[in-house]
Amino acid sequence: MRAGGAEVGGTVLELLLALTLGAVVLGAFVGVLGGSLRWSESLVARAEGLEVIRTVWVVLDEELRPGIAGRDWDVDGDGVLLLRAFRGVGRICGEVEGLDRWAVAYRGRRLPDPGRDSVLVLGDDGGWRSFELTGVDDGGECGQDPSHRSLVVRWSQPSAPPPVLIRVFESGEYHLADGAFRYRRGEGGRQPLTPERLAPGSVFRRAAGSGGPLEVRVELLPGEAGGGAGLFEWSVAGTGGE
Amino acid sequence: MTSEAGCRVLEWARSARSSVPLGRAGASLAELLVALVILSLGGTLTARALWLASVEIEGAELGLRAALLLSELQDRNGLGAAGEERRAGPGTLIFEGVGGDELIVRFAPPGAGGASGEEAGALSGGFGAPRSWRLQQTVGASGEGA
């Protein structure tokens, strides 16, 4: 029996000290880890919020600037932004067969799609008329300019004045609803374009009949960790009013 | 039987205890200190990284607010004269001048106290390329650039 009482007491003391220090170190570690996680989640929420704002801004800017307030886009009583979302423009090169098929030098974000697009036709009298797009084929005699594509286009009614230019568009709606910025094409469902971070106070506004800009108010909800709330308001003007 | 087993365990524990070198307790304390230092260092580095990311995001938010406001003002009024302040939407823009195709403006976010606010940042950018505006300096008390 070599171990004396003093040695046993010392071991218990060491044990207690080790336990205490271990608890302190572990507590500090857990605290630092938890704090870092909350902080990083808050940063992610803030970055996500900015991404939401940037998306709304860029999309609306791209969609509304080619249009005319009141004619090509407007806000209804429920705060829904209704618009002609322009997808391309075509210069008329000539008539192909009869009066309802036209060769067009087309440029745009995508090719016209008769299933979902309409056309706004500029006649040589200077007036714009809208029709349903009924057919698109490759071909036509519009030269070999690589900046455009030669197409043969047909729409629902022959234009009374000879057409000069067409603008291809789809009818769409933008919503700030159900927590997200959403797009609805035609009669389809509303597809979210952003994460669901929008507060119910987010709205589109436009004074009726004023030809004024679209006023956008986007209120961000805080993320799960508490960061990222904010209010952004700005306006987007089209090319003019009618 | 139980007593005998208990004696064996005690004997084993004593032998184990006696085999621990005398300096072992000191070494454990040193290890603990090293662990604490490493932990502190890791915590400090993590906090620094997160703080820098926070500054970056703050700068990005300022830039976005400024770009939104500038875009709106261009739509409404064209560009401002040097020294002119425009209050609209989220904050204040102070036009400081035009050099070449560069527009120099200072942007004060909401609550920054206008032109003299410490959180005012500065933007410059070309007229024809509104999305190329660059935030020259931001933000807050940190003085970190974005």
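One table, with the values for the structure above:
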{"item": "Evaluation of B:Arg24 against (1) loosely packed, with under 12 Cβ neighbours inside 10 Å; (2) modelled with pLDDT of 85 or more (one fails), failing number", "result": "(2)"}
{"item": "Count of the range B:40-57 residues which are crowded, with 16+ Cβ neighbours inside 10 Å and over 16 Å from the mean Cα position of the chain (by Cα)", "result": "0"}
{"item": "Hits in the range A:6-46 (condition: under 19 Å from A:Ser202 (Cβ atoms) and either small (Gly, Ala, Ser) or at pLDDT below 85 (or both))", "result": "A:Ala45"}
{"item": "Residue within the range A:200-208 that is without any contact (Cβ under 8 Å) to a residue 60 or more places away in the chain, crowded, with 16+ Cβ neighbours inside 10 Å, under 18 Å from the mean Cα position of the chain (by Cα) and assigned by TED's automatic domain parsing to the domain that holds A:Arg71 present", "result": "yes"}
{"item": "Scan of the range A:54-82 for residues that are over 14 Å from A:Phe169 (Cα atoms), in contact (Cβ under 8 Å) with a residue 12 or more places away in the chain and within 14 Å of chain B (Cβ to nearest Cβ), ordered by number", "result": "A:Thr55, A:Val56, A:Trp57, A:Val59, A:Leu60, A:Asp61, A:Ala69"}
{"item": "Yes/no for A:Glu233 being more than 30 Å from A:Val136 (Cβ to Cβ), in a strand (DSSP E or B), out of contact with any helix residue (DSSP H, G or I) (no Cβ under 9 Å at 6 or more places or on another chain) and at pLDDT below 90", "result": "no"}
{"item": "Number of positions in the range A:62-72 that are under 17 Å from A:Trp234 (Cα atoms) and in contact with a strand residue (DSSP E or B) (Cβ under 6 Å, 6 or more places away or on another chain)", "result": "3"}
{"item": "All positions within the range A:140-155 that are modelled with pLDDT of 85 or more and out of contact with any Lys or Arg (no Cβ under 6 Å at 6 or more places or on another chain)", "result": "A:Arg149, A:Ser150, A:Leu151, A:Val153, A:Trp155"}
{"item": "Of all residues in the range A:34-53 being among the aliphatic types (A, V, I, L, M) and within 9 Å of another protein chain (Cβ to nearest Cβ), the one that is nearest to B:Glu61 (Cα to Cα)", "result": "A:Leu50"}
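The values are calculated or read from the model by the stated rules, or taken from the named source; none is laboratory data. On a predicted model such as this, the values are computed, not experimentally measured, just so you know. Neighbour counts are summed over all protein chains in view; Cβ atoms, including those assigned to glycine, are modelled from backbone coordinates with ideal geometry.
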